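The structure appears below as structure tokens.
The values are calculated or read from the model by the stated rules, or taken from the named source; none is laboratory data. Everything numeric in this text was worked out from a predicted model, so none of it was measured. All Cβ positions, even for glycine, are placed from backbone atoms using ideal geometry, and neighbour counts span all protein chains on display.
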């Protein structure tokens, strides 16, 4: 990434309590995080802490978000010489209760927090529920197909089909995110209260095809025979936006 763009990101990161790096699996969120850490430490001489929730040691140390909050509380007590300026947490959505981090963070710590997560839709929902005005959003700019090819290279999984990628990282991402937040708000209802999994899957496929993100030939569209005539369509526009933001077809600024 160009240094000019990195400097723009860092300027905004410095003025927000929380930064969220959004993007599908394979969009380069981890690589961007490493570039930000390197630039902050070497160019701006800032002290950073990196936690990777993908690593076994991290998952052993932290069983839930409360454990992470206790740890952050402890390091926030450090002397001035030992204080961190920025804390980076990769794959925060590994923890089902990660949204409580949003509820507790504001005005609690002296450092800035930067997060990524594979369940990007979950991060977006949590952010919009708790403090969207105080956060800075970085949206990765790779297409769905680029992300898919990167995942195949990263995991050496040559047999991963494009449809498998779509189902796991778009359909399941959206469904699980809204299923986890069902009941958090009394109104409006969550998408999973309006759609079954198969209904939602068909609607997502329709949006992906309509906006030329995928073609019918690239996914087994005919396998979805669910009847959606009785589904409440009042939130179709919301679903359309969610999918296109997740796939980097449009930008959504908070």
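Does residue 81 satisfy the criteria of being outside any loop (DSSP other than H, G, I, E, B) and surrounded by fewer than 13 Cβ atoms within 10 Å (Cβ to Cβ)? So residue 81 does not fit the description; no.
What residue, among those in region 43-64 that are farther than 17 Å from residue 114 by Cβ and in a helix (DSSP H, G or I), is nearest to the chain's Cα centre (by Cα)? Only one residue fits best here, namely 59.
Within region 205-223, the residues that satisfy the criterion of being part of a helix (DSSP H, G or I) and closer than 21 Å to residue 141 by Cβ are 207, 208. Within the option set 61, 47, 112, 70, being modelled with pLDDT of 90 or more, surrounded by fewer than 19 Cβ atoms within 10 Å (Cβ to Cβ) and within 23 Å of residue 15 (Cβ to Cβ) holds for one residue only, 47. Can you say whether residue 36 is closer than 23 Å to residue 109 by Cβ and part of a strand (DSSP E or B), as far as the supplied structure shows? For residue 36, the condition - closer than 23 Å to residue 109 by Cβ and part of a strand (DSSP E or B) - is not met.
The test for being buried (at least 17 other Cβ atoms within 10 Å of the Cβ), within 29 Å of residue 147 (Cβ to Cβ) and within 18 Å of the chain's Cα centre (by Cα) holds for residue 36.
Close Cβ contacts (under 9 Å, 6 or more residues apart or on different chains) running from residues in region 28-51 that are in contact (Cβ under 8 Å) with a residue 12 or more places away in the chain and at positive phi to residues that are in a helix (DSSP H, G or I) and buried (at least 17 other Cβ atoms within 10 Å of the Cβ) comprise 28/147; 28/150.
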